[in-house]
Amino acid sequence: MNQEPKPRFFALIPLIVFLLIYLVASIIIGDFYKMPITVAFLVSSVVAVAISSGGKLHKRVDLFCRGAANSNIMLMVWIFILAGAFAQTAKAVGAVDTTVNLALAVLPDNLLLVGMFIAACFISLSMGTSVGTIVALTPVAAGIAAQTDIALPYMVAIVVGGAMFGDNLSFISDTTIVATRTQGCNMKDKFKVNSLLVIPVAALVALVYLFQGTEITTHPVIHEIEWLKIIPYILVLATALSGMNVMLVLLLGILCSGIVGILAGSIRFWDWIAAMGTGISGMGELIIITLLAGGMLEMIRYNGGIAYIIQKLTTRVNSKKGAELSIAALVSFANLCTANNTIALIMAGPIAKDIAASFGVDPRKSASLLDTFSCFVQGIIPYGAQLLMAAGLAAVTPLAIMQYLYYPYLMGIAALLAIFFRYPRKYS
């Protein structure tokens, strides 16, 4: 398990099989969600075990299982379970709707654009999920567009941009969890590096929305705000920012959501338990993918595939700048192929860690680059879950939304400039 494998292209066959099954088949079919990614990973994992040089079959299977049961993988599984339970519980008690209403009610009508962006940023930062934020806010954005002269795709793009802000920066986002665990750094440290990059971009985009929204005069319909239901999100955000362990943060969020829901009369005890069960079950596919990807990548590593990729990526790299560019290219390519930023990070993270170690890249910077470039690509691809979900809820096409995605585009540009100009210098 600890041997230094020789670089071999042959070891990459499982990855090629995965890409052929998932990417090529999806292109031919014309639907990137027709082929289940779990099936693609299952087939490629079988291939990985079949062609491995690990000896007899039971030894190769044991090697695969060790990769799937890696401590980092299992910790991610635990966190995914807790995150699913919290997200569903908070939704069941009405915390999402109340938080949305609060964010819109406190703003004047001529600040609707920037208000919607800030609401999406805050909710995604608190929830740690871009898809959940899009599901919560897109209907509201569509309603505002219907009451004003704002183009519907433009309003929806504001929500998507804010959702990707939190997906990239949140302490409980699965992308943050995977990026920090694979690079071996603390979430709080990665947050510091990431915030120096994306908060200025978010502020610039907010100014654009502030300028463009000054002529809006129609006020949306705001429902009654139940203040008690905001507490779970405030608690999660405050404890996460304090540096508390993410598992404790999520446990507190689950408990707080249940207590608040029962006190407010939104749910009963068994409804709370059922919501947790639904949330946990909803994370099943991601957990299965994580386990299969962990095992498959260990087989690829053992047989020299990762060493081969690193060798090719770093052949002409002779500086930290080149190493950071190769990390950015690696995760971006993985995300284009999988249309899922979490899976892209699971696949690219171990390779990026080796590249960072070889060229002295700060783990906090490599984690930030991985997360930022994965969220950049995920936020702009028309076949990603975020744009498909937003387009479906608003009854528009993903391509119509893409032209207005100010935040994701600027985030990607800023991340690239940060590599070339060595920003932030403390971590470069």
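Highest average first, the peptides 50-61, 396-407, 127-138, 247-258 ordered by how many other beta carbon atoms sit within 10 Å of their residues are 127-138, 247-258, 396-407, 50-61. Just checking the listed ones, M283, M164, M411: in the Gaussian network model of the chain with Cα springs under 10 Å, the one fluctuating most is M283. For the chain, set up a Gaussian network in which alpha carbons nearer than 10 Å are linked by springs, and say which option among V114, V205, V39 fluctuates the most. Per the Cα network of the chain with a 10 Å cutoff, V39 tops the list.
Averaging Cα coordinates gives a centre for the stretch 242-318 and one for the stretch 372-428; these two points are 22 Å apart. Computed from the C-beta positions of A146 and F211, the FRET efficiency with R₀ = 22 Å rounds to 0.45.
Let me have the 222 nm mean residue ellipticity of the chain computed from DSSP H runs of 4+ only, each contributing -39500 (n - 2.57), with the sum over all residues rounded to the nearest 500.
When only DSSP H runs of four or more count, the value is -24000 deg cm²/dmol.
The Rg/Rh ratio for the stretch 130-225, using Cα coordinates for both the radius of gyration and the Kirkwood hydrodynamic radius, is 1.07. Helices assigned as whole DSSP H runs in the chain whose Cα atoms extend at least 30 Å along their own long axis and whose mean Kyte-Doolittle hydropathy is -1.0 or higher are found at 71-93, 187-212. Each peptide in 79-90, 7-18, 374-385 receives the mean, over its residues, of other Cβ atoms within 10 Å, and ordering these scores from highest gives 79-90, 374-385, 7-18.
Three principal axis extents of the stretch 288-428 based on alpha-carbon atoms, in descending order, are 48, 37, 22 Å.
Taking the chain on its own, what percent of its Cα-Cα pair distances exceed 40 Å? Write out the running numbers ahead of the final one.
Values: 15262 of 91378 pairs.
Of all Cα-Cα pairs in the chain, 17 percent lie more than 40 Å apart.
Computed about its Cα centre, the charge dipole of the chain is approximately 1740 debye, with only Lys, Arg, Asp and Glu carrying charge at their Cβ.
Each reported figure results from applying straightforward, stated rules to the coordinates on display, with no laboratory input. Computed from a predicted structure; not experimentally measured. Please note: Cβ atoms are built from the backbone with ideal geometry, for glycine as well, and neighbour counts cover all protein chains shown.
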